[in-house]
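Structure first, then comments.
FYI, it's all coordinate maths here, none of it is from the lab. All figures in this text were calculated on a predicted structure; none of them were measured in a lab. Because the Cβ atoms are built from the backbone with ideal geometry, glycine has one as well, and the counts that use them run over all protein chains shown.
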Amino acid sequence: MKRTVIKIDEDLCNGCGACVTGCHEGALQLVDGKAVMISDLYCDGLGACIGECPVDAISFEEREAQPYSEEAVIKRMIPKGEKVILAHLKHLKDHNELDLLRQGIECLKEYEVNIDLSVISEQVHKKGGAPSACGCPGSMMREVEPVVSAKYAPVTTAIVQPSQLRQFPVQLHLLNPNAGFLQGSNLLLAADCTAFASGDFHNRFLKGKALAIACPKLDSNIQVYIDKLTEMIDVAQVDTLTVLVMEVPCCGGLVRIAQAARAQAQRNVPMKVVVLSVQGEVKKEEWI
C-alpha cells in the first residue's frame, strides 16, 4: 500500500542518534554511524523524529510501504517499560490518532500489561480532531479556538487596515538578492502559514520590513534558499533578519536554513526567531 513514511538523507545524517531516541516505536536504529529505517511496520508517519534531527536529514515521502501495525509496535515496546509505552500513547493522542490509541490500549489489555492509563484513557473519550491525512504534525487537522483578550480586542470599525507589504514578489525563490528594496533592510523570513495564523501579522511583524516567505517542508531546492539568504546578508547587507515560524516541528527547518545562511555569509547579521502557536500567539521570541 502507498502511505507516508519518513525518509533519511544518508549524506546529511551525522549519526547523532537523536531521531532514534525520539522514535518510541523503534522504527529507527543507528547502523554503521547512520540512522536507518529498520521496518516500515513500525513507522507511524507522525514525524516525531523530524523535530529531533539537528541537520534536517529527515523528511516525509509517500511510497509503497508495509501497513503500520500498532500491535507490532506495542509488542516491541512492552520490554522497554511503562514510560516508553506511555510516551508512545501520548504521541498518538497529541496527533489525534484516536483509532490507533484505542488499538494500543486494547493490545495492552490483551497482553495483560498493567500500567496507569487513566490520563490517556480520559482523552480517548473526549472530542478530538480528525486524524492527519499524511501523518505530518504540521498537517494534523484541528479546530482552532479564536483567542479573545483585552490585548487583542475585536475590530469593530469599518475602516480597512492598510497593508504593510512594501514589495512584490514575496516568495523566496522569486526574490532577487540585488533588489533595491532589500538593500539595508530589516528582513522578515516568514513561514507560509504564519500570516494566516496571526491576526495582526502586518502591523506586528511585517511593518517596516522587507518580506520573504518559504515553506521548509514543501518547497524544493533548499540550498538555493541558503545561497539567496547568504547574498542578502552579504550583498544586500540586510540590517536584521527575523525568522517567523509556526510551532510545528517541520517549521524548524526554516530556522536551520537561516542559520546555515548566516554561517556561510561573511557578515554576522543579528537574527531573531519568533515561534507562533496555531492560534497565532507568540510562544517564543529570542535573538540567536
Next item on the list: Treating cross-link reach as a plain straight distance, find the lysines whose alpha-carbon is under 16 Å from the alpha-carbon of Lys272, omitting any fewer than eight places away in the same chain.
Entry: Lys207, Lys209, Lys283, Lys284
Checklist line | Viscosity 1.567 mPa s, 4 °C: Kirkwood-radius Stokes-Einstein D of the chain over Cα pairs, µm²/s | finding: 61 µm²/s
Next item on the list: Would you mind counting up the charge near Tyr42? Only other residues with Cβ under 9 Å from its Cβ, with Lys and Arg at +1 and Asp and Glu at -1.
Entry: -2
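So how do Cys53, Cys215 line up by other beta-carbon neighbours within 10 Å, fewest first?
On the way: Cys53 25, Cys215 16.
Exposure proxy ranking, most exposed first: Cys215, Cys53.
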Checklist line | Mean ellipticity per residue at 222 nm, deg cm²/dmol - from DSSP H runs of n ≥ 4 across the chain, formula -39500 (n - 2.57) | finding: -8000 deg cm²/dmol
Next item on the list: Count the net charge of all other residues whose Cβ sits under 15 Å from the Cβ of Leu206, scoring Lys and Arg as +1 and Asp and Glu as -1.
Entry: +3
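Only helices at least 15 Å long along their own axis, judged from Cα atoms, and with Kyte-Doolittle mean hydropathy of -0.5 or greater: name those in the chain from DSSP H.
Values: long enough: 82-94 (18 Å, -0.25); 98-110 (18 Å, -0.05); 222-234 (18 Å, 0.27); 252-264 (18 Å, 0.22).
What comes out of the filter, once short or polar helices are dropped, is 82-94, 98-110, 222-234, 252-264.
Would you list Arg63, Arg166, Arg256 from fewest to most Cβ contacts within 10 Å?
Sorted ascending by nearby Cβ count, the order is Arg63, Arg166, Arg256.
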Note to self: Restricting to Cα atoms and excluding each atom paired with itself, what does the Kirkwood estimate give for the range 172-287 in Å?
What the structure shows: 13.9 Å
